[in-house]
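The values are calculated or read from the model by the stated rules, or taken from the named source; none is laboratory data. These numbers come from a predicted model, not from an experiment. Because the Cβ atoms are built from the backbone with ideal geometry, glycine has one as well, and the counts that use them run over all protein chains shown. Accessible surface is based on the protein model in full, side chains and every heavy atom, while ligands, DNA and RNA are left aside. Shrake-Rupley method; radii C 1.70, N 1.55, O 1.52, S 1.80 Å.
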Amino acid sequence: MAILVTGGAGYIGSHVVLALLEQNIDVIVLDNLSHSSRKSINRIEKLIDKKIIFIEGDIRNRKCLRNLFSIHNIFAVIHLAALKSVGESIFNSLEYYNNNISGTILLLEEMRIAKILNFIFSSSATIYGADALSPYTENMTISGTTSPYSTSKLIIELFMQHLSKVEPAFTGIALRYFNPIGAHESSEIGEDSSFTSNLLPCIAQVATGKMDKLIIFGNDYNTPDGTAQRDYIHVVDLAKGHIRILNNLPKIKGYKAYNLGSGKCFSVLEIIKIFEKISGKKIPYEFKLRRVGDLPSFWADISLAKNELNWFPKYNIKDMICDMWNWYLKNPNGFL
Ligand code: NAD
Ligand code: WQD
C-alpha cells in the first residue's frame, strides 16, 4: 500500500515525501511542476538512495488519476497540490477556484471510484478569517475568508465535512498550516524563491544581493513594534505532522482538523533581527503601506495536535532561519 502525495515536488510536499520515505513508507508523487522543479525529487532520491515513482500530471486530468489509481494500490492521499498565493488569488480568482477546488473535486471523485477512503488535506490558517482572535483553535467559528485562496481552502474543508457524513468510511483530515519556513538540514530541498514572495525568501534575496532592500508591508499595526506577527513553523516539523497523522489514522474517524503551527508569533522586524544575527548580513528595509489581505497578527493553539497526535514542534525560530539560510547559501538560484 502506498501514499499518493499530490504536489509532492513543491516546498512542503518535498519535505513530506522525504519524511515518508525516511519511515520506509512507499510514496507516489503526482505534480504538474507548475510551481516546482523535478530536481527536488531527484535530490530526495539521492538523499534517500531510493527511486521515487513520480508522475508529471495535473490533478484536473481525470484520465491521469484513473490510470494512477488503477495501477497503484493507494492507502491514502496527502493532497498538497494547489496554487497558494493569497495576493495572486485576488487577481486570478477563477484560476484559483479551478485549480484548487475543481481539481480537488475531481481528485475526490476518482478516489471514491478507486475506493480510497483516507484524505489528508493541506489547509491553511488563513481560513480562520479576519475576525478570529488568536490563538486560533480548530473549533472556532470560521467567520469569513478574505481571499479566493483562503475561500478555496475553506470550501474543500466543507466538502470533507459533508463527505464524512454521507460516506461513513471516508476519513478527511484538514491540516491547517500556519507559516512554514526553513529547509531540511541537508540543504538539498527548500523553498525556491522563484516560486514565492513570502517573507523569508524575500529576506534571503536581499541578503544575497538579488534585491537591494526588503519592503516591509505596514509598520502601523497594533503590535509591539508595529509590524505584523506570524506563527512560523519549521517545514520539517510540519512534514513530521503528516507522519503522526498516518500513525493515528486508525483512531481518526470522519472529518477532523488540526492546527500545525508553533503556537508562538514573531513580527517582521523580529524576524529580520534574528536573520541578521544568524547570517551576519544587514537587511536594509523600507516601510510601505500594508499589503491587501494581510492580517495584523495570528498564531495557533496546537494543543489538539499535541494531545491527540503526540505531535510537538521540535525546532525553534533560530533553527528555522538557520536552516533556511543554509539552503539559500547552497542554492542561491533555487533548483535552477
Ligand atoms: P508549492 O507551490 O511549493 O507546492 C505546490 C505544488 O503543487 C507545486 O509543486 C505545484 O507544481 C503543484 N501543483 C499546483 N497545482 C497543481 C495541479 N493542478 N496538479 C498537480 N500539481 C499541482 O507550495 P507549498 O508552499 O509547498 O504548499 C503546499 C500546500 O500547502 C498547498 O496546498 C498550500 O496551499 C498549502 N499551504 C502552504 C502554506 C505556505 O505558507 N507555504 C501555508 C499553508 C498552506
Ligand atoms: C509574512 C509577513 C507580510 C514579504 C502566506 C500566505 C498564506 C499562507 C502562508 C498558504 C506578512 C510580511 C512579507 C515581504 C513583508 N500560505 N512581508 N515583506 O502572508 O502570512 O502568509 O504564507 O496558506 O496564505 O498568505 O506570509 O511570508 O507572505 O508574509 O513585510 O516582502 O511578512 O506582510 O505580514 P503570509 P508572508
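Based on the convex hull around the alpha carbon atoms, the chain presents an average projected area of 15.6 nm². Within the listed set Ala169, Ala125, Ala81, the residue fluctuating most in the Gaussian network model of the chain (springs between alpha-carbon atoms under 10 angstrom) is Ala169. Convex hull volume per residue, computed on the Cα atoms of region 121-263, equals 145 Å³. Spherically averaged projected area of the convex hull of Cα atoms, region 238-336: 9.3 nm².
Ignoring aspartates and glutamates fewer than eight residues from Lys318 along the same chain, the ones with Cα atoms less than 12 angstrom from its Cα are Glu270, Glu276. Solvent-accessible area per residue in region 158-205 equals 35 Å², computed with a 1.4 angstrom probe and all protein chains kept. For a paramagnetic label modelled on Glu167 (point 7 Å from Cα along Cα→Cβ), amide N atoms under 20 Å away belong, within region 80-112, to 80-82, 99-112.
Highest average first, the peptides 327-333, 227-233, 291-297, 182-188 ordered by how many other beta carbon atoms sit within 10 Å of their residues are 227-233, 182-188, 327-333, 291-297. With the simple spin-label model, which puts each label point 7 Å out from Cα in the Cβ direction, the Lys46 to Ile105 separation comes to 4.2 nm.
Over region 197-260, the pair-distance histogram of Cα-Cα distances with 5 Å bins from zero comes to 4, 12, 15, 14, 15, 12, 9, 9, 7, 3, 0 percent, rounded to whole numbers. In terms of the mean number of neighbouring beta-carbon atoms within 10 Å, the peptides 61-70, 40-49 order highest first as 40-49, 61-70. Placing R0 at 41 angstrom, the Cβ-Cβ distance between Asp225 and Ser70 gives a FRET efficiency of 0.15 after rounding to 0.05.
Would you please classify the overall shape of region 111-165 from the alpha carbon gyration tensor, given that a ≥ b ≥ c denote the square roots of the eigenvalues, rounded means a/c under 1.5, and beyond that prolate means a/b larger than b/c while oblate covers the rest? Judged from the Cα gyration tensor, region 111-165 comes out prolate (a/c at least 1.5, a/b above b/c).
Dipole of the chain computed with +1 at Lys/Arg Cβ and -1 at Asp/Glu Cβ about the Cα centre; of Ile272, Gly8, Met111, farthest Cα towards the positive end is Met111. Surface composition of the chain: carbon plus sulfur atoms contribute 54% of the solvent-accessible area (1.4 Å probe, protein chains only, all chains present). From the cross-link list Lys210/Lys277; Lys51/Lys251; Lys39/Lys84; Lys165/Lys314; Lys115/Lys251, which pairs have alpha carbons spaced over 29 Å apart? As for pairs spanning more than 29 Å Cα to Cα, those are Lys51/Lys251; Lys165/Lys314. Note on Asn139 and Leu329: the model spin-label points, each 7 Å out from Cα along the C-beta direction, lie 4.6 nm apart. Based on C-alpha pairs under 8 angstrom that are at least 6 apart in sequence, the chain has a relative contact order of 19 percent. Note on Lys282 and Asn248: their simple-model spin labels are 4.7 nm apart, each label 7 Å out from Cα toward Cβ. For all pairs of alpha-carbon atoms in region 22-74, what percent lies in each bin of width 5 Å, listed from the first bin to the last filled one? The distribution over region 22-74 is 4, 17, 28, 21, 19, 9, 1, given as percents. Relative to the longest principal axis of the Cα atoms of the chain, helix 39-48 runs at roughly 80 degrees.
Would you mind classifying region 148-208 by shape? Square roots of the alpha carbon gyration tensor eigenvalues, ordered a ≥ b ≥ c; an a/c under 1.5 is rounded, otherwise it is prolate if a/b is larger than b/c and oblate if not. Since a/c reaches 1.5 and a/b is larger than b/c, the shape of region 148-208 is classed as prolate. Highest average first, the peptides 317-324, 7-14 ordered by how many other beta carbon atoms sit within 10 Å of their residues are 7-14, 317-324.
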